[in-house]
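Below is one structure, written out as C-alpha cells; comments come after it.
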Amino acid sequence: MPVSAPALSEAIAAIVGREHALHDPSGLAPHAVDGLPPRWWASPGDIEQLGRLLTLASMEGLAVTPRGSGAALDLGNPPRRLDLVLDCRRLDRVLEYVPEDLVASVQAGASLASLEARLGQHRQQLALDPIGGASRTLGGVLATNASGPLRFRYGTARDLLLGVRFVQADGTVTWGGAKVVKSVTGYEVPKLMVGALGTLGVIGEVTLRLHPVPPASGGWLFGFETETSAAGFVTETLASTLQPDRLSLLNDVALRRAAQPVSRLAVAVSVSSVPEAVASHGESLEKLARQHGVRSITSGEGLWQALAPALDGPLALRLACEIGRLLPWLGQLEARVARLGGRIAALGEAGNGVLRAAVLEPPLERLAGEVVAPLREELGAEGGSLVVERAPLGLKKELDVWGSMSPGQLDIMRRLKHEFDPAGILNPGRFVGGI
Amino acid sequence: MELSRAFLDELTRIVGARGVVTSTEGRLTYECDMHTFHKGMPDVVALPETADQTAAIVRLCRRERVPVVPRGSGTGLIGGAMAPSGGVMVGMNRMNRILELDLPNRCATVQPGLINLWLSHATREHGYFFAPDPSSQMVSSIGGNASTNAGGPHCLKYGITVNHVLGLQVVTGAGELLWLGGKVQERPGYDLTALVVGAEGTLALVTAVLVRLTHLPQGVETVLASFASIEDASETVSAIIAEGIIPAALEMLDEAVIRAIEEGIGAGYPKGAAAVLLIELDGPHEEIAVQSRRVVEICRVHRGLEVRVARDDAERALLWKGRKEAAGAVGRLTPNFLLQDAVVPRSKLPRIMREVLAIGARHRLLIANVFHAGDGNLHPLICYDERVEGELERAKQANEELLQACIALGGSVTGEHGVGVDKAQNLLLQFAEADLNFMARLRRVFDPDGIMNPGKLLPSHPACGEGFRPRRPTLPDGAWV
C-alpha cells in the first residue's frame, strides 16, 4: 500500500539526513525539470544511500531524475512525470588513485575540474573536455556521453570508462567492468551506461582510464575565407601523418562570441608531445594552411577555455554526420536558420563529424518544421542525426529532441529498458523513442 | 542432441548441400578451438555465405530450440568456439571479403570471416591499418576478434577491439537481422554495438563488422632490453609508464620463453638473460626520438644488460615474429601447459611477478612468461607433464593461486582472451551475484530462449549440466597468446 506524502518525506530524510532533503514546494522550484517541479529532492552522501533512495522510489513508484551540476538537465524530452530529484553532487570523492596505474576510481558527483586539479599534480589527465564543461560532474558527463575536441585523439567516454558502480531501478547496487585497463570479463556494462541518461541505472562511481599530459603543447587558429579552403586544409591534415589532439571548426558567429579573430571559418588545432614535435607540427600545419590560402594564423594558447561562450544560449543543436560532410551540413544549417532570420554559432569536431550549434534569435515557431525536420530527413540518408540538446519547453513539446530511431534498434532498447526498469521510474519519457 | 532429418533438410535448403558438414570426420575439426581442454562436437556445421542465410539459420534454430555456436578461425583460447551441448555450429569462414574501404571516413566494412591481417595489408598502401593485433592476427578472423573483444601487444596505445568497432551487422538470438552503430560516430540511444563486441556470440551472431582504420604513424622505434632478473624488468616497465611514456607496445619475455624462441626460429633475443623487454614506440619522428632515448636511459638505470634499438624494419619484424610465435614455441619446453590471461594494475607488476616465481617454486613447476607487461596483462604458461602423476593437479593448484593473487591486487581474470567455458566459473571471483544477474538478464533481452552459444561467458550452476567433457588440458603447437 502506498504510504502518504508526509511519511515519504520522513523516509527520505531518514535516509539522507534532514539537511539533504527537501519537500517544501517553494524550495523545490529551482529543481524543476523542463518546468515540472519534483515533489522531493534528496542528495545522498554515499552509494548505499543512493541505493536506499531508489529502493524506496521503486516500492512507491516514484519517478526519479538523477542530476549532477544541472548543466545538461535540459537534455531529453520533457519528463512524463517527476517525483524525486536525486542530486549526486555530494558523491564527490576520489576513491582510488594510483598515478603509476593511470587509472582513477571516482564518485560520480565529482566535477571534471576537481578531478583535473588532482590529476594535474601528477601530470595526468582525464581526456574528456566538453566545451564549457569543467564544472560538470563525471556522472552527468558520462550519462549524457558529453565529449569535446580531445575526442579526436583520445576517443569518448566509451573509450575511457573502465568500470562503473551503478544503482538499478530497484535499488540494487551493481558493478560492471574492471579497475584495470584491460579486461574482457563478460558484457561491456560500463558502455551501456554511457549516454543512457540514467534510464537503466544511476551511476554512483566510475573507474577511468587516464593519460599522461605530454610535456609540451601548442595551439593554432587558422582563419579561412571560403569553405573550399577550410575543407582542403582539414582534409589534408586528416590524411597526413600529423597527430593533432584537437581539430575543430568554428564559423564566424562562434569566433565573434568567443572573442577570437573573425574569419568566415576557422580551424583550431592543438598538438601535444615533446617540444621538438610540437614545434615541427606547428611548421607543418602553417605550411599546409598557407597552401590552402589561409588568411590569418593566431597562436591559440588558452583558446579552448575561451570557446565556451560560443555555444551559450537557450537553444542548442548537435549534428552528427560522416566526417567529410561536416562543412556541407554546417552550410545547410546556417542557410536554413538564416532563411528564418536567425544565425547560428557553430563549433564542430572536424575529425569526428560532430557539430554543436547555438541558434541565435530563432523564430521558435518555425524551427521544428523548417530546420529540424528537413535536416533530420536528409541526414538520415547517411545515418546522421540532429539532437536538440537544449531548447525552450514550447519547442521541445513540438518534437522529439532525439529524432527518430530505426525500429529494429529501438525495439531492443525498449526491451532493455523493460528488463531493467519495468515500472519506468528512471527518467521516464526523456530518452529515445519515449523510453 | 539428435537433430531430426527434417531439421537437417531445412538447414540444407538454407545454405545448400556444400554449406553443411554432417560427417563425423568433418565435424571433428570443429570439436574444439585452440583450448583443447574442453571439447564438444556440434551435430552439424553450417557455412553460410550471406547475412540472410545466417539469419535464416538462427530463426530455424530458435523455432526448434537448437543451440547456435558461432566460429571464426577457431584460434580462441577459452573454449568459446565449440559446442558443449551440440547443435548447429555456424562457421563464418566463407564470408571473408572486404565489403567497403571508406578512407574519408577512416573505416572499412568487412565480413566476419576476413582474416585480421588481410585488412591491414589492404589498407597499408593508403596509409592506414587496423589497430587490434592479437598474436593470431595472421589467421584469426575479425568477426572472432570482435566477438571476443581481442587485444594484442599494440592495444597498450591503441586500445582493444571494442575501441575500433563502429558498427556491426548482427543476427540476434531473437532472429532479428539488423545494423547496430554505423559510420557516423555519435548517435542517440544505448550503445548496442559495444554490448555485442566481446559477447562471444551469446547475444548475436556477427554478419558484418564496420571497423575504424587508424593512420599509420610517422615513425616506429623498437627497443630491446635484457635484464638479469624479472624484477629489474618489471620495475623498468613501471618506471616507463610512470615517466608518462605510453609505448605502442611493451612486452616481456622471460628466460624460458627466450630459450624456446631462440631454439625455434632464432629471433635474435639475447640468450641467458632472465628477462627481455620489447618496447615499441610510434608516432611523430621527433617524439619517438626523444622517447626512445629516454626509454634506453630508464632501462640502463634499472640494470639493463643489453639495450639496443632495432636497426631496421627487418630486425624489428624478426623481433616481433619471435614474440608472436612465443606460446607455440613453448611447446619445445614442456609437453603440456596451462595458460593464464589475468591482469593486475600496472604498478603491481613487480609484486605479482615475485608471486608468480614463488608459486612456481612452491609447486615445483616451471612457469614461463610472455606477456603484455605495459598493460599488466599476464600470460603465465604453467608447464607440466600429464604423464607424471600429480603434476596436472599441482598445475591446476598453481593456476588457482595465481588467479586469486591477481584478484587480490585489484585485477581481472581475463584481459583479452575472453571467458568462454574455460573462465566462466572464474567470474565468481570478480563479480558479486547482483553483477552477474545483471549480465544474465541482459543476455535474455537478446536471446530470450537461451540458444546462443549456451554454456559460455557466464557461470552456470554445476547442476545445470552443460555437458562439456574435460579433456587433455593443453594448447596445441602454434597457439598464439
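The selection criterion, being buried (at least 20 other Cβ atoms within 10 Å of the Cβ), out of contact with any Gly (no Cβ under 8 Å at 6 or more places or on another chain), within 9 Å of chain B (Cβ to nearest Cβ) and more than 30 Å from B:LEU403 (Cβ to Cβ), holds for A:THR199. Consider segment B:211-239 and keep the residues that are within 14 Å of chain A (Cβ to nearest Cβ) and touching a Ser or Thr at 6+ places or on another chain (Cβ under 8 Å). The one that is nearest to B:PHE130 (Cα to Cα) is B:LEU213. Looking only at residues of segment A:341-375 that are surrounded by fewer than 17 Cβ atoms within 10 Å (Cβ to Cβ) and outside any helix (DSSP H, G or I), we find that the one that is nearest to the chain's Cα centre (by Cα) is A:LEU360. When the strands (runs of 3 or more DSSP E) confined to segment B:1-102 are screened for residues that are in contact with a Gly (Cβ under 7 Å, 6 or more places away or on another chain) and either among the aromatic types (Phe, Trp, Tyr) or under 23 Å from B:THR202 (Cβ atoms) (or both), those reaching at least 1 such residues are found at B:44-46, B:68-71. The single condition among (1) at pLDDT below 95; (2) in the same structural domain as B:HIS154 (by TED's automatic domain parsing) that B:LEU77 does not satisfy is (2). Candidates A:ASP129, A:ASP170: the one that is touching a helix residue (DSSP H, G or I) at 6+ places or on another chain (Cβ under 6 Å) and touching a residue at least 12 places away in the same chain (Cβ under 8 Å) is A:ASP170. Within segment B:146-161, the set of residues being outside any helix (DSSP H, G or I) and either facing chain A (nearest Cβ under 9 Å) or in contact with a helix residue (DSSP H, G or I) (Cβ under 6 Å, 6 or more places away or on another chain) (or both) comprises B:ASN149, B:ALA150, B:GLY151, B:GLY159, B:ILE160.
Selection within segment B:408-449: residues that are without any contact (Cβ under 8 Å) to a residue 60 or more places away in the chain and more than 9 Å from chain A (Cβ to nearest Cβ). The member of this set that is nearest to A:VAL180 (Cα to Cα) is B:ALA408.
Counted as qualifying within segment A:1-77 are the helices (runs of 4 or more DSSP H) with 2 or more residues that are among the hydroxyl-bearing types (Ser, Thr, Tyr), namely A:47-60.
Conditions tested, residue by residue: (1) within 20 Å of A:GLY140 (Cα to Cα); (2) in a loop (DSSP other than H, G, I, E, B); (3) within 7 Å of another protein chain (Cβ to nearest Cβ).
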| residue | (1), (2), (3) |
| --- | --- |
| A:ARG165 | yes, no, no |
| A:ASP170 | no, yes, no |
| A:THR174 | yes, no, yes |
| A:LYS179 | no, yes, yes |
| A:TYR187 | no, yes, yes |
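Closer than 28 Å to A:GLY324 by Cβ and more than 9 Å from chain B (Cβ to nearest Cβ): is that true of A:ALA373 in this structure? So A:ALA373 fits the description; yes.
Is it true that some residue in segment B:104-111 is under 21 Å from the mean Cα position of the chain (by Cα), surrounded by 24 or more Cβ atoms within 10 Å (Cβ to Cβ) and outside the structural domain of B:LEU11 (by TED's automatic domain parsing)? Looking for residues that are under 21 Å from the mean Cα position of the chain (by Cα), surrounded by 24 or more Cβ atoms within 10 Å (Cβ to Cβ) and outside the structural domain of B:LEU11 (by TED's automatic domain parsing), one finds at least one in segment B:104-111, hence yes.
Restricting attention to segment B:167-191, the residues that are surrounded by fewer than 24 Cβ atoms within 10 Å (Cβ to Cβ), of a type in the set (A, V, I, L, M) and either assigned to a strand (DSSP E or B) or facing another protein chain (nearest Cβ under 8 Å) (or both) add up to 3.
The listed residues are B:LEU409, B:LEU442, B:LEU457, B:LEU436, and the only one of them that is modelled with pLDDT of 95 or more and within 19 Å of the chain's Cα centre (by Cα) turns out to be B:LEU457.
Of the strands (runs of 3 or more DSSP E) entirely within segment B:307-390, those holding at least 2 residues that are closer than 25 Å to B:ILE246 by Cα and at pLDDT 90 or above occupy B:367-371. For segment A:381-430, the tally of residues that are within 10 Å of chain B (Cβ to nearest Cβ), of a type in the set (A, V, I, L, M, F, W, C), touching a Pro at 6+ places or on another chain (Cβ under 8 Å) and assigned to a loop (DSSP other than H, G, I, E, B) stands at 2.
Taking (1) farther than 23 Å from B:ASP341 by Cα; (2) surrounded by 19 or more Cβ atoms within 10 Å (Cβ to Cβ) in turn, B:MET82 satisfies each apart from (1).
Counting only strands (runs of 3 or more DSSP E) that sit completely within segment B:195-265, those holding 1 or more residues that are touching a Lys or Arg at 6+ places or on another chain (Cβ under 6 Å) correspond to B:219-227, B:249-254. Is it true that A:GLY433 is modelled with pLDDT under 95 and more than 7 Å from chain B (Cβ to nearest Cβ)? So A:GLY433 fails the test. Look at (1) within 14 Å of chain B (Cβ to nearest Cβ); (2) within 21 Å of the chain's Cα centre (by Cα) and you find that A:GLY218 fails only one, number (2). If you check A:LEU115, A:LEU128 for being assigned to a loop (DSSP other than H, G, I, E, B) and crowded, with 20+ Cβ neighbours inside 10 Å, only one passes: A:LEU128.
The values are calculated or read from the model by the stated rules, or taken from the named source; none is laboratory data. Computed from a prediction, not measured in an experiment: that's the story for all the values here. Glycine gets a Cβ as well: all are built from the backbone with ideal geometry, and neighbour counts include every protein chain shown.
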